[in-house]
Ligand SMILES: C[S@@+](CC[C@H](N)C(=O)[O-])C[C@H]1O[C@@H](n2cnc3c(N)ncnc32)[C@H](O)[C@@H]1O
């Protein structure tokens, strides 16, 4: 176990970074809370607190997507807070305060919050700090507020822990986080090479851990795997801890991982053999899936949480596809079709109206729709095929949409992201987008979704402060591309002549801006 000074210094030495996390957006947390029967605070004007906010990347991106809300972040690492503050100041982001503070010292002066987030912190701090996180939830949440906490769980973490313990032991003689990470990566590689053949279970475990870690930056590797504090727990233990703080479990940020009986009948049948209690079922799902990570929503005890999504709650929500599909699915009624989201989730159905509604959302992404508007659009699209209309039909679509939400091919939100689909005369991207594009972080759009953006798109995004017209944008783009040698000629060497670069990029500028607008990066 570490002192808090030691812990701060590991994050000062090797910062965790400034990534945004889609699931933590209050507009998504509120939607899940509504689906499960709660009345969470309105997000457009809410107050959000993030505990262990690192460089504030998550909050800065949220601040642009909810300009009328206020955000406070707390972190022990002075270096990370200084980085975040400098970025916010440079870009004039006024609705975020980043505080260099120990969670143990946060008191009433920080105020009350509608949403409190703790992503990647609870399991990676000493037990008294983890307990403090729950204390802060219970003392600083407004009465209908929602807390989000992610944490490592057993049984899945037993496997990961075995590998972590060996890698940590191997690096025990060095204090430098960078050296520990380098040694850990090399050790894992060596162990894999020396393990027996591919069929050996142990080798498969090592390979799985290597697959997970190879995409991690050194900062993430150190803090996820080698951080001195890492305390996974069983879900049932976690339930006991939150109850002691007057809190209750609402559900998961990802509906797909929840045992939602009616919407997941096969799983429910299996779980019924173990227990009829919904929370015990959650524990058994962890057993069945060897779960290692949870992203849980909590609220005050006493509020009535429903264990099944309520179809009527769809009326208060906006529906959004999980990305754009270029190929329309087969929407013929009665023909079984598997609808697949671009990120690989699926739902199989033969319901023509549901398929049409989902197809509309996939085509329209990043636009969202209310349930009623979607119902009307789907009815119009299928009307020619003679689909009857009526109360039962609408109820059937509600159920179908809930299934699509619990399969996570669609998502529900409670706010309208303020993006524009058509770039203006002087196109503009929010400050957080420009910062991320400039510093090389994954770029988070106005739906709070990180999107892969190629190099030229990043250069353009970084310039979109709303002051440049297209001629000026092109000149600045050409200068950057020449400086960074981003364009390759036919012989594979960089094109350095500005005139040639201008000739190539000029005709493409509108298409580049169009792609950025299509990905919900631009504002009015
Ligand atoms: C693994 S990082 C997660 C950062 C960020 N939430 C994310 O997921 O990207 C944990 C963060 O918690 C902060 N932290 C740890 N102990 C803390 C404490 N006692 N008070 C405030 N922040 C703390 C660390 O400085 C670090 O930035």
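Bear in mind these aren't lab numbers, they're just calculated from the coordinates by the rules spelled out. Remember, it's a predicted structure, so these values are computed and weren't measured experimentally. Positions of Cβ are generated from backbone atoms using ideal geometry, with glycine treated the same way; all protein chains shown enter the neighbour counts.
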**Message:** I need to check one value: relative contact order of the chain, counting alpha carbon pairs closer than 8 Å and at least 6 residues apart, in percent.
**Reply:** 15
**Complete:** Computed over segment 238-355, the relative contact order (Cα-Cα under 8 Å, seq sep at least six) in percent reads 21
**Fill in**
Per the C-alpha gyration tensor (a ≥ b ≥ c, the square roots of its eigenvalues), segment 431-518 is rounded if a/c is under 1.5, else prolate if a/b beats b/c, else oblate; here it's prolate
**Shape category assigned to segment 105-197 from the gyration tensor of Cα positions, a/c cut at 1.5** = prolate
**Cα gyration tensor category, rounded, prolate or oblate, for the chain with a/c compared to 1.5** = rounded
**Message:** Below 8 Å, C-alpha to C-alpha, sequence gap of six or more: please give me the relative contact order for segment 431-518 in percent.
**Reply:** 21
**Message:** So for each of 23-32, 262-271, 127-136 I average, over its residues, the number of other beta carbons within 10 Å; can you give me the resulting order with the highest mean first?
**Reply:** 23-32, 127-136, 262-271
**Item:** Within the chain, helix-based [θ] at 222 nm, where runs of 4 or more DSSP H residues each add -39,500 (n - 2.57), nearest 500
**Value:** -13500 deg cm²/dmol
**Item:** For segment 310-329 versus segment 219-257, the gap between their alpha-carbon centres in whole angstrom
**Value:** 29
**Complete:** Ranked on Cβ counts within 10 Å of their own Cβ, fewest leading, 233, 46, 53 go 233, 46, 53
**Prompt:** What FRET efficiency comes out for the pair residue 244/residue 493, r = Cβ-Cβ distance, R0 = 56 Å, nearest 0.05?
**Reply:** 0.30
**Complete:** quick note, the chain, DSSP beta bridge pairs, % antiparallel (nearest 5) is 60
